[in-house]
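The values are calculated or read from the model by the stated rules, or taken from the named source; none is laboratory data. As the structure is a computational prediction, the values presented were derived from the model and not from experiment. With ideal geometry, Cβ positions are generated from the backbone for all residues, glycine too; neighbour counts draw on all protein chains shown. For accessibility, only protein heavy atoms count, side chains too; no ligands or nucleic acids. Shrake-Rupley method; radii C 1.70, N 1.55, O 1.52, S 1.80 Å.
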Amino acid sequence: MKFSLFYVLESPDRDFRRAYEEMLSQVEIAERLGFEGVWLAEHHGSAYGSMPSPQVAAAAIASRTSRMRIGIAVSNLTLAWPVRIAEDFAMVDVISGGRLDFGVGRGYQPHEFRAMGVADKQDVSREVFDEAFQIVTGLWTKAIGEPYTFHGKHFHIDGVDCRPTPLQRPTPPIYVASISPETFDLVADHGHNMLVTPTLMTLPELNGFVVGAKRTLMHRGRDPLSLDFPMNWQIHLAEDDALAVRRARPSLEWYFDNVMSAVPQGVATPAGYERYAALAEAAAEGAMSLTGLREGGVCYVGDPDGLIRDIEILREETGLDHLICWMRFGGMAHEDVVRSMELLADQVMPHFADAPPLVPRALRNEEPATQADKFFEIEFDEEGEVHELSRG
């Protein structure tokens with residue numbers, strides 16, 4: 001089983017130099033502790049995140065590490081010119097010696113679309129994302145030195161080359177972030193992986209989503225053990241439960257106050273983002289207190305033994321084989337983050353060192369699809385939630 005770190009790099013005090021230095025220091029420590037990799041998120045113009053260019057951070061991390069994978073979770077393909085994205089991340093792959101894992105998404109915070117000059121694109125962000133994704137992968141997979149042309153509804157490029165070319169061929173591993181079933185086509189048809197997180201849903205909802213996604217992909221001919229479904233989870237460990245709660249409460253509640261103020265909500269919610277508006281309404285009713293977050297499994301705050309038990313359940317129920325640990329959240333003190341990392345490395349990671357990949361319990365007696373039933377679909381409601389699965 002793999003364990004990685006995650007950074008969105010919130011800076012409540014606007015001391016960005018400290019935030020960047022803490023991240024780089026923690027990543028160096030993580031490599032020594034045996035973490036598999038580090039994942040970086042792109043955000044713009046708010047206290048919620050201070051990493052507008054994860055490709056810059058990735059290059060800095062590449063220079064300070066030698067083994068860890070460097071993941072992007074995610075590059076928002078709707079906010080930038082796709083040729084630039086292809087070039088930048090190809091350069092990261094080269095600089096890092098082929099250690100890039102490339103995660104993509106379409107973004108969801110309205111102020112970011114406004115800040116990047118694409119506010120008029122949020123209602124059609126899925127279309128923009130699809131075209132940008134085609135361009136990035138097209139530039140990477142074409143023959144080296146051959147010009148690339150694309151004409152779509154939102155992008156037009158003629159005779160473009162991509163220099164440099166990624167070291168990993170045909171592309172670095174690609175991960176798609178989504179809580180909607182439309183993503184399954186990308187994953188199933190092109191062999192990509194899927195990034196999931198309970199940050200914007202409860203853990204039982206996430207479990208249902210992952211099992212439903214794996215079932216659908218299995219019925220489209222994919223082996224569930226061939227899929228990398230990393231789960232990004234906010235985690236804080238301490239020697240006992242009370243200490244963990246005391247350290248984590250201010251940072252977690254600050255974080256969720258900020259993210260809920262940034263999501264689409266109200267009558268101006270763009271099409272396709274209705275789920276976020278529902279979450280903002282739930283937050284306004286007090287669902288985002290630390291007590292509520294822990295009860296919903298949105299985060300884990302406690303001692304190492306409890307985390308081991310929860311991971312064992314996730315492995316059994318969803319086949320979890322890669323946990324991305326979001327440990328520096330809300331500007332939490334550097335020494336508390338490092339101690340949490342050490343506890344995870346010393347007491348949790350060894351427990352799963354030899355754990356084999358698992359098919360989710362609900363899928364163990366199901367057979368992969370024959371050609372006749374390859375297009376089986378599960379049923380989702382308007383907010384992308386699975387109807388047929390129990391949420392426990």
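A few remarks follow.
- Förster radius 25 Å - calculated FRET efficiency between residue 295 and residue 243, Cβ distance, rounded to 0.05: 0.80
- Amide H contacts under 5 Å for residue 330, placed H, 5+ residues apart: 10
- Projecting label points 7 angstrom from Cα along Cα→Cβ for residue 226 and residue 351 puts them 3.3 nm apart.
- Where labels lie 7 Å past Cα in the beta-carbon direction, separation of residue 66 and residue 126 in nm: 4.7 nm
- Fraction of accessible area attributable to carbon and sulfur, segment 105-199 (%, probe 1.4 Å): 52 percent
- Exposure rank, largest accessible area first [78, 137; 1.4 Å]: 137, 78
- Subtracting the Cα-Cα distance of residue 143 and residue 155 from 0.36 nm times their residue separation leaves 2.2 nm of extension gain.
- Under the combined filter of DSSP loop state and at most 16 neighbouring Cβ atoms within 10 Å, segment 146-251 retains these chymotrypsin sites (Phe, Trp or Tyr not before Pro): 155.
- Taking the average, over residues, of other Cβ atoms within 10 Å as the packing measure, peptides 98-104, 23-29, 139-145 rank 98-104, 23-29, 139-145 from highest down.
- Counting only protein heavy atoms and a 1.4 Å probe, segment 71-154 has 38 square angstrom of accessible area per residue.
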